[in-house]
Amino acid sequence: MALSGVEIFKLLPKTNCKKCGFPTCLAFAMALAQGKTELAKCPDVSEESKRVLGEASAPPIRTFFLGTSEKAVKLGGETVLFRHDKKFFNPCVYAVNVKDTLSNDELNEKIEEVLTSEIDRVGQKLRVDAISIEFASGNSSQYESAVKLISQKAPDTAIILNCKDPSAAEVAVRTIADKKPLLYCANEGNTGAMTNIAKTHKIPLGVYAKGLSELSVLTEKIKGMGVEDLVIDSGAEKAKDMLELNTQIRRSALKKNFKPLGYPIINFVLREDPIFETCVAGIAAAKYASIIVLSSIEKWKNLALFTLRQNIYTDPQVPMQVEQKIYKIGEPTVNSPLLITTNFSLTYFMVSGEVENSKVPAYLAVMDCEGLSVLTAWAAGKFTAGKIVQFIKDSGVENQISHRELIIPGQVAILSGAIEDKLEGWKITVGPREANGIPTFLKSRPA
Ligand code: SF4
């Protein structure tokens with residue numbers, strides 16, 4: 001069970017030395033109880049206290065990586081039930097399941113689908129993150145060949161070894177242990193053997209049991225055998241059961257600090273009907289799955305699921321934003337026009353897209369307004385004449401262009417006079433009110 005702030009305080013050195021960044025040990029204890037700091041910030045805590053507090057202050061849902069490449073994905077680590085309470089941290093992983101009974105050509109086709117699944121959406125790269133390789137052949141050499149082929153052709157993609165047979169699993173794990181695959185899964189019948197494989201090769205282990213009581217017993221047993229990076233599967237098959245059990249798992253972990261269920265969740269949502277499968281995957285994404293295994297990854301399905309995931313895992317308190325800088329669109333020269341806008345992602349992508357459509361190479365000065373759109377930033381005092389002038393001066397754009405003309409959004413036409421007064425030698429031109437007017441505006445200007 002979680003310890004209260006006062007209980008934690010009793011175990012601290014009580015010297016109020018401030019090395020942890022808090023004014024007193026009590027303040028540190030209170031923050032630790034609320035999960036707002038880490039025990040490691042106190043350098044003087046005793047070994048005995050560390051032992052007692054370590055368990056109590058561990059994150060309620062275990063956090064670890066699947067895979068080892070730059071595309072490795074972080075699982076778990078969530079701290080709230082509802083995104084509006086704070087934010088969700090680690091986006092769920094979409095994986096596609098492939099059977100080792102497929103021919104090499106068919107496997108290559110699947111791999112290609114995964115490798116070309118990446119899309120860029122409002123500045124983020126979104127992709128299918130993992131391949132689940134199912135031991136369907138019953139032949140461990142065939143399984144090993146499929147695992148080898150996939151890991152060679154998709155070296156950076158995380159792998160789930162979907163295999164309940166310990167001898168086939170052992171062979172496959174040995175082949176790619178350095179890639180830190182997830183071994184799925186240990187169940188009531190194979191716990192000892194699968195746990196030993198995961199322990200020997202230091203890889204995460206999926207745990208399957210029908211129902212939460214059985215699952216809790218199994219995770220405790222496996223933890224006792226020395227494997228703690230676990231992913232849990234409640235055995236839910238129907239969407240309704242998956243929703244209920246996923247919610248119970250998250251509630252138990254966060255509200256009751258129930259450690260046996262404090263692990264990332266995996267859901268296999270395989271369905272014959274791709275539309276039905278997409279719906280069920282959407283439920284899993286919305287309600288707490290960390291890994292969602294699909295039977296197919298058509299582009300249309302990916303788009304729907306990626307968009308949903310992106311929306312769920314963005315921080316509701318922070319608008320999406322792009323970096324403040326001078327962006328080049330096309331291949332601008334010293335005579336190319338200079339436009340300015342704010343750094344709200346959607347504003348940037350709309351404006352830059354329309355400048356691109358105009359086929360007129362240009363510079364786009366994107367100013368940090370904490371992710372607010374033009375009108376909102378202006379109303380909030382973040383896109384003012386003074387701040388625009390300062391940004392233009394600091395940006396160094398004056399060295400990139402030979403003219404001194406700045407095109408401002410039509411929505412803030414009111415600022416033109418004030419900017420011109422403050423920005424000596426510059427001409428301020430009022431551009432269109434809406435981004436879709438940019439192509440006509442740019443093309444109608446003298447070359
Ligand atoms: S570093 Fe440790 S001993 Fe010092 S104030 Fe913080 S909690 Fe107390």
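Every number here is computed from the coordinates shown, using simple stated rules; none is lab data. Just so it is clear, the model here is predicted, and its values are computed rather than measured. Heads up, the Cβs are rebuilt from the backbone with ideal geometry, glycines too, and the neighbour counts pull from every protein chain shown.
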Cα-Cα pairs of the chain separated by more than 40 Å (percent): 38 percent
Choice from Ala146, Ala158, Ala40 showing the highest fluctuation, given a GNM over the chain with Cα pairs closer than 10 Å: Ala40
Relative contact order computed over the stretch 119-252 (Cα-Cα under 8 Å; 6+ residues apart), in percent: 16 percent
GluC sites (Glu not before Pro) restricted to the stretch 293-398 and DSSP loop, no more than 16 other C-beta within 10 Å: Glu298, Glu323, Glu370
Leading residue at positive end of dipole, the stretch 64-312 (Cβ point charges), from Gly226, Leu107, Ala168: Gly226
Residues Ala286 and Lys19, FRET efficiency given R0 of 35 Å [Cβ-Cβ distance, rounded to 0.05]: 0.25
The stretch 81-147: GluC sites (Glu not before Pro) falling in loop per DSSP and having at most 16 other Cβ within 10 Å: Glu118
Most mobile of Leu115, Leu81, Leu12 in a GNM of the chain (Cα contacts under 10 Å): Leu12
Separation of the Asn399 and Lys328 label points, Cα + 7 Å toward Cβ, nm: 1.4 nm
Cα radius of gyration and Dmax for the stretch 5-57 (Å): 9.4, 25
Rel. contact order, % - alpha carbon contacts under 8 angstrom, at least six apart, the stretch 1-41: 40 percent
FRET efficiency, 1/(1 + (r/R0)^6) with R0 51 Å, evaluated for Glu370 and Ile275 via beta carbons: 0.80
Distance-filtered residues of the stretch 335-378 - backbone nitrogen under 11 Å, label point 7 angstrom along Lys443 Cα→Cβ: 357-360
Mean ellipticity per residue at 222 nm, deg cm²/dmol - from DSSP H runs of n ≥ 4 across the chain, formula -39500 (n - 2.57): -12000 deg cm²/dmol
Spin-label pair His201/Arg121, simplified geometry with 7 Å Cα→Cβ offset, distance in nm: 3.3 nm
Selected from Ser345, Ser402, Ser141 as most flexible by GNM, with the chain as the system and alpha-carbon contacts under 10 Å: Ser402
Amide proton proximity set for Tyr327, modelled H, under 5 Å, gap of 5+: Leu364, Ala365, Val366
Partner lysines for Lys382 [C-alpha distance under 18 Å; skip if fewer than 8 residues away on the same chain]: Lys325, Lys393, Lys422
Leading residue at positive end of dipole, the stretch 5-57 (Cβ point charges), from Cys42, Leu11, Gly54: Cys42
Extended-chain gain in nm, criterion 0.36 nm per residue less alpha-carbon gap, Ser103 and Ser416: 106.1 nm
Check: the chain dipole with +1 on Lys, Arg Cβ and -1 on Asp, Glu Cβ, in debye: 1220 debye
Cα→Cβ-extended label distance, 7 Å offset, between Lys359 and Glu244, nm: 6.1 nm
Those GluC sites (Glu not before Pro) in the stretch 404-447 that DSSP places in a loop and that have at most 13 other beta carbons within 10 Å: Glu424, Glu434
